[in-house]
Amino acid sequence: MKILNGNEVSKAIKLEIKQKVDALKSAGKKTPHLAAILVGEDGASMTYVAAKERDCTEVGFNSTVLRFGSDISEEKLLEEVEKINQNKDIDGLIVQLPLPKHINEKKITEAISYKKDVDGFHPMNVGMMFKGLRTFLPATPYGIIKLLDHYSIETSGKHCVVIGRSDIVGKPMSALMLQKNCTVTVCHSKTQNLTDFTKNADIIIAALGIPLFLKADMIKEGAVIIDVGITRVADETSKNGFRLKGDVDYENVAPKCSYITPVPGGVGPMTRVGLLLNTLDAIELYQKD
Ligand code: NAP
């Protein structure tokens, strides 16, 4: 069994991005600039945005965080998004979710120009991704593809089971694995006899958000296991009072599979790299517009 080390691979990719950014700067070209909108003071959201800011600094991007109180109106937030859409210095914009209940998340994310939608959530980008056209890819599936490529994991003709069909992970993941010539099965909460599918899978991508859901007796010997899940599980022995748990029963699954991602240190860091790659791509795709 081999560990798919997201920390190590993301480090190497960040170094490559930095070299490209340095080259852009020395050629007098534009430095990629990522903006993030953060509404309210949700602890996890603040942590995610701070991590994205650190990533930008590490690779030499400019970054801006626009912070608003949780009482901001939907109308005002839409105006702020439009200001960034018009700001030629900003290449990518992300709105950290979740937003307060009085704000329609769909309306806000769809108000972001598809040319700056580095999260890849805009219907235009989703459509282009499904057609296999070059565009921004949702960061988590993008990071997973980079991880599989890094370890030269064979996908062609393999049976890939994706557990979960969310817009940000399961659905785009299934489209990207199809493009990599897998035979793809997508399972979800209404799937019956899920083990019948997972037992026959060469590659399993678990993205359901139920800690330790995938057990050793649900997989076949030698399968490749990608664990997307991150759930905070209360644990008094940890200094934060919780531990991060994946969707895979790692301890028992690991000895049976060929490759596996740990949690933490697998898909998480690759997701962060996916966002950086999209922001760099924004320069190439749309800088001239
Ligand atoms: P989500 O929107 O809650 O979607 C969960 C999916 O799992 C749904 O499609 C649901 O089916 C399916 N599901 C739920 N229970 C199931 C069951 N018993 N059997 C089979 N399928 C089941 O979650 P998400 O945003 O995709 O995220 C999934 C997990 O990945 C979460 O733990 C999240 O924190 C984590 N995540 C991690 C990263 C990272 O960077 N590592 C990034 C994004 C998300 P229905 O559609 O039928 O409801």
With the first residue restricted to the stretch 144-163 and required to be among the small types (Gly, Ala, Ser), and the second required to be at pLDDT 95 or above and surrounded by fewer than 19 Cβ atoms within 10 Å (Cβ to Cβ), Cβ contacts under 6 Å at 6 or more apart or on different chains are 156/181
Top-ranked residue of the stretch 138-182 - restricted to ones that are within 20 Å of residue 4 (Cα to Cα) and polar (S, T, N, Q), ranked as farthest from the ligand (Cβ to nearest atom) | 156
Tabulated pairs, the stretch 179-196, first at negative phi, second of a type in the set (Ser, Thr, Tyr), C-beta under 8 angstrom, 6+ apart or interchain = 180/155; 180/156; 182/155; 182/156; 184/174; 186/174; 187/198
Single residue of the stretch 199-219 satisfying the filter (more than 10 Å from the ligand (Cβ to nearest atom), closer than 25 Å to residue 265 by Cβ and not hydrophobic (A, V, I, L, M, F, W, C)) that is surrounded by the most Cβ atoms within 10 Å (Cβ to Cβ) = 202
Considering residues that are outside any helix (DSSP H, G or I) and either without any contact (Cβ under 8 Å) to a residue 24 or more places away in the chain or in contact with a Leu (Cβ under 6 Å, 6 or more places away or on another chain) (or both), the number found within the stretch 30-61 is 5
When restricted to 231, 237, the only residue hydroxyl-bearing (Ser, Thr, Tyr) and near the ligand (Cβ under 10 Å from one of its atoms) is 231
Would you tally the residues in the stretch 261-288 being of a type in the set (Lys, Arg) and near the ligand (Cβ under 9 Å from one of its atoms)?
-> 1
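The values are calculated or read from the model by the stated rules, or taken from the named source; none is laboratory data. As the structure is a computational prediction, the values presented were derived from the model and not from experiment. No Cβ is skipped: glycine too gets one built from the backbone with ideal geometry, and neighbour counts run over all protein chains shown.
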